[in-house]
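> Dropping the structure in here first, questions after.
The values are calculated or read from the model by the stated rules, or taken from the named source; none is laboratory data. Bear in mind that the values here come from a model prediction, so they are computed numbers and not experimental data. Please note: Cβ atoms are built from the backbone with ideal geometry, for glycine as well, and neighbour counts cover all protein chains shown. Side chains are part of the model used for accessible areas, which takes the heavy atoms of the whole protein and leaves out ligands, DNA and RNA. Shrake-Rupley method; radii C 1.70, N 1.55, O 1.52, S 1.80 Å.
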Amino acid sequence: MLGTASLLLSLTLCWARTLPQMSQQQQPDPDWNRNASQLIISKGYPCEEHKIITEDGYILTIFRIPHGRQTQTIGRPVLLQHGLLDSAATWVVNFPDQSLGFLLADAGYDVWLGNIRGNHYSRAHVKYNPDHDEEFWDFSWDEMARIDLPSMIFYILNVTKQIQISYVGHSQGTMIGFAEFGRPDSILQNNVSFWAALAPVAHLGHVKSPIKYLATQSVEKDLERFWHILFGRNEFLPASKIQEWLEVIACDQPIMDRDLCENIYFLLFGPDKKNLNATRIPVYVAHLPAGTSVKNMIHFAQGVQTNVFQAYDYGSPDKNQQHYNQTTPPLYTIRPMKIPTAIFSGGEDWLADPTDVKFIFDNLQSLVYQKYLPDYNHADFIVALNVSKLIYADLIDVMQKYHPPI
């Protein structure tokens with residue numbers, strides 16, 4: 001293990017390029033340089049920006065599309081929650097007939113786009129500076145589920161004066177949904193009338209993503225230290241040489257696009273572009289990755305290593321006792337969840353592998369709809385050319401049954 005760590009440590013020399021380099025001769029798509037609110041406004045939709053301060057001081061930015069282009073009527077609220085290394089921009093990065101945020105607004109919903117702590121739009125705190133303070137980055141998806149998700153939902157319900165909301169999660173957005181909605185004492189059970197899980201994640205033991213090579217059994221006892229040596233303790237910024245090492249594993253195929261393979265988001269979750277609009281790839285990689293903590297990535301690596309849906313493991317019985325009042329991390333369960341749930345999964349998904357998704361189906365008692373697309377990867381549920389036809393049309397139909405817009 002020390003030899004492997006030393007080898008990888010020697011490769012951490014500079015930071016990875018995360019944005020595509022546009023040549024002077026190439027005219028970039030205007031969306032390449034637009035933030036989330038600009039993406040929304042540029043397509044003719046109204047946009048509001050809201051700030052939420054969580055109980056532990058994180059300042060979350062959420063965007064609101066209160067209605068569609070053809071009406072001023074504000075319908076019932078829907079919260080869309082992005083996945084790992086992503087942001088609210090993911091729901092509006094394509095055109096009105098392709099992006100779920102726009103489609104829901106035109107269907108009559110009051111659409112809210114969440115941003116979890118530590119991403120590009122929620123990189124702020126009442127006390128800590130993310131550029132200097134290690135304390136800012138002391139979080140994983142545990143806190144996103146326990147604090148951020150309820151904070152966003154209750155804020156939206158308070159603003160809209162509604163009793164219930166609908167929820168759509170992608171990737172990590174589904175993981176925090178399962179973790180929080182599945183708690184037997186979760187009060188959100190009464191406030192969410194329907195939710196849809198795109199590329200659902202709970203168990204991670206069968207991932208095909210290169211993240212599995214940084215969670216091997218050979219580093220089982222020192223996984224946390226191993227990641228801290230490679231990536232530090234604050235924001236997750238992959239070192240370029242480490243990324244090159246992963247590219248050899250992930251991208252050495254003629255069907256792969258170099259811009260996708262040079263972007264850590266697509267590198268980890270699947271760079272196959274057969275379902276993508278190739279002309280929009282510079283736009284996608286300009287908005288990804290959007291940031292998270294090293295600790296959050298360690299938590300995902302722990303899930304790959306153990307194949308258990310559980311809280312962050314602090315590495316020793318004593319440390320776990322200090323955090324949880326028990327020697328092992330608490331397990332998450334989804335069996336008590338009563339919220340009507342729709343599951344959309346793919347056969348080529350590097351993170352939400354079909355074998356791992358089976359755990360969700362085996363334990364979910366509130367399933368009302370499921371759809372499986374054998375050729376879909378992790379990113380296709382957001383940016384595939386045919387996603388509005390194959391996924392979003394069905395999603396909206398089911399949502400209208402359990403959570404009508406008016």
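> Considering region 358-397 alone, what residues qualify as being of a type in the set (D, E, K, R), open to solvent by 50 Å² or more (accessible area, probe 1.4 Å) and in contact with a Gly (Cβ under 7 Å, 6 or more places away or on another chain)?
If we filter region 358-397 for residues that are of a type in the set (D, E, K, R), which is where we start, we get 358, 362, 371, 375, 380, 389, 394, 397.
This time we only want the ones that are open to solvent by 50 Å² or more (accessible area, probe 1.4 Å), so: 358, 362, 371, 375, 389, 397.
Listed by number, the list holds a single entry, 375.
> A further question on this structure: List, please: which pairs have Cβ atoms under 7 Å, are six or more places apart or on different chains, and start with a residue in region 342-357 that is farther than 12 Å from residue 372 by Cα and open to solvent by less than 20 Å² (accessible area, probe 1.4 Å) and end with one that is not polar (S, T, N, Q) and not in a loop (DSSP other than H, G, I, E, B)?
Every condition considered, the pairs that remain are 351/269.
> From the list 173, 169, 108, 177, which residue is small (Gly, Ala, Ser), under 25 Å from residue 397 (Cβ atoms), in contact (Cβ under 8 Å) with a residue 40 or more places away in the chain and in contact with a helix residue (DSSP H, G or I) (Cβ under 6 Å, 6 or more places away or on another chain)? Step through it out loud before you land on a result.
Numbers: 173 fails: in contact with a helix residue (DSSP H, G or I) (Cβ under 6 Å, 6 or more places away or on another chain); 108 fails: in contact with a helix residue (DSSP H, G or I) (Cβ under 6 Å, 6 or more places away or on another chain); 177 fails: in contact with a helix residue (DSSP H, G or I) (Cβ under 6 Å, 6 or more places away or on another chain).
The conditions single out 169.
> Looking only at residues in region 208-225 that are within 29 Å of residue 346 (Cβ to Cβ), among the polar types (S, T, N, Q) and at pLDDT below 75, which one is nearest to the chain's Cα centre (by Cα)?
Ranking the qualifying residues of region 208-225, first place goes to 216.
> Right, another one. What's the number of the only condition in (1) of a type outside the set (Val, Ile, Thr); (2) open to solvent by 20 Å² or more (accessible area, probe 1.4 Å); (3) under 28 Å from residue 194 (Cα atoms); (4) within 19 Å of the chain's Cα centre (by Cα) that residue 331 fails to meet?
(4)
> Continuing with the same structure: Would it be correct to say that residue 148 is open to solvent by less than 10 Å² (accessible area, probe 1.4 Å), among the charged types (D, E, K, R) and within 27 Å of residue 279 (Cβ to Cβ)? Don't jump to the end; show me each part of the working.
Values: open to solvent by less than 10 Å² (accessible area, probe 1.4 Å): yes; among the charged types (D, E, K, R): yes; within 27 Å of residue 279 (Cβ to Cβ): no.
No, not satisfied.
> (1) in contact with a strand residue (DSSP E or B) (Cβ under 8 Å, 6 or more places away or on another chain); (2) open to solvent by 50 Å² or more (accessible area, probe 1.4 Å): which one isn't true of residue 158, the others all being true?
Checking residue 158 against (1) in contact with a strand residue (DSSP E or B) (Cβ under 8 Å, 6 or more places away or on another chain); (2) open to solvent by 50 Å² or more (accessible area, probe 1.4 Å), the one that fails is (1).
> Being open to solvent by less than 10 Å² (accessible area, probe 1.4 Å), within 22 Å of residue 380 (Cβ to Cβ) and either under 19 Å from the mean Cα position of the chain (by Cα) or of a type in the set (A, V, I, L, M) (or both): is that true of residue 122 here? Give the derivation first.
Values: open to solvent by less than 10 Å² (accessible area, probe 1.4 Å): yes; within 22 Å of residue 380 (Cβ to Cβ): no; either under 19 Å from the mean Cα position of the chain (by Cα) or of a type in the set (A, V, I, L, M) (or both): yes.
No; evaluated as a whole, the condition is false for this residue.
> With respect to residue 82, is the statement that it is under 22 Å from residue 171 (Cβ atoms) and surrounded by fewer than 20 Cβ atoms within 10 Å (Cβ to Cβ) true?
Details: under 22 Å from residue 171 (Cβ atoms): yes; surrounded by fewer than 20 Cβ atoms within 10 Å (Cβ to Cβ): no.
No: the conditions fail for residue 82.
> With the requirement that a residue be under 15 Å from residue 395 (Cα atoms) and touching a Pro at 6+ places or on another chain (Cβ under 9 Å), what does region 73-89 give you?
78
> I need the helices (runs of 4 or more DSSP H) fully contained in region 254-346, keeping only those with at least 2 residues that are at negative phi and modelled with pLDDT of 90 or more.
Working: elements: 258-261, 264-269, 281-286, 294-306, 317-324.
Qualifying helices (runs of 4 or more DSSP H): 294-306, 317-324.
> A further question on this structure: Residue check: is residue 383 under 17 Å from the mean Cα position of the chain (by Cα) and not aromatic (Phe, Trp, Tyr)?
Values: under 17 Å from the mean Cα position of the chain (by Cα): yes; not aromatic (Phe, Trp, Tyr): yes.
Here the answer is yes, as residue 383 does meet what is asked.
> Against the definition (open to solvent by 10 Å² or more (accessible area, probe 1.4 Å), modelled with pLDDT of 70 or more and over 20 Å from the mean Cα position of the chain (by Cα)), how does residue 244 come out, yes or no? Talk me through it step by step, then tell me what you get.
Working: open to solvent by 10 Å² or more (accessible area, probe 1.4 Å): yes; modelled with pLDDT of 70 or more: no; over 20 Å from the mean Cα position of the chain (by Cα): yes.
Taking the combined requirement at face value, the residue does not satisfy it.
> If you don't mind, another one. Starting from region 71-100, take each residue that is farther than 28 Å from residue 281 by Cβ and list its partners that are of a type in the set (Lys, Arg), counting only C-beta distances under 9 angstrom and pairs at least six apart or across chains.
Pairs that qualify, where the first residue is farther than 28 Å from residue 281 by Cβ and the partner is of a type in the set (Lys, Arg), are 77/64.
> If the Cβ limit is 6 Å and pairs must be 6+ apart or interchain, which residue in region 263-292 that is of a type in the set (Lys, Arg) pairs with which residue that is surrounded by 22 or more Cβ atoms within 10 Å (Cβ to Cβ) and at pLDDT 70 or above?
So the pair list comes out empty.
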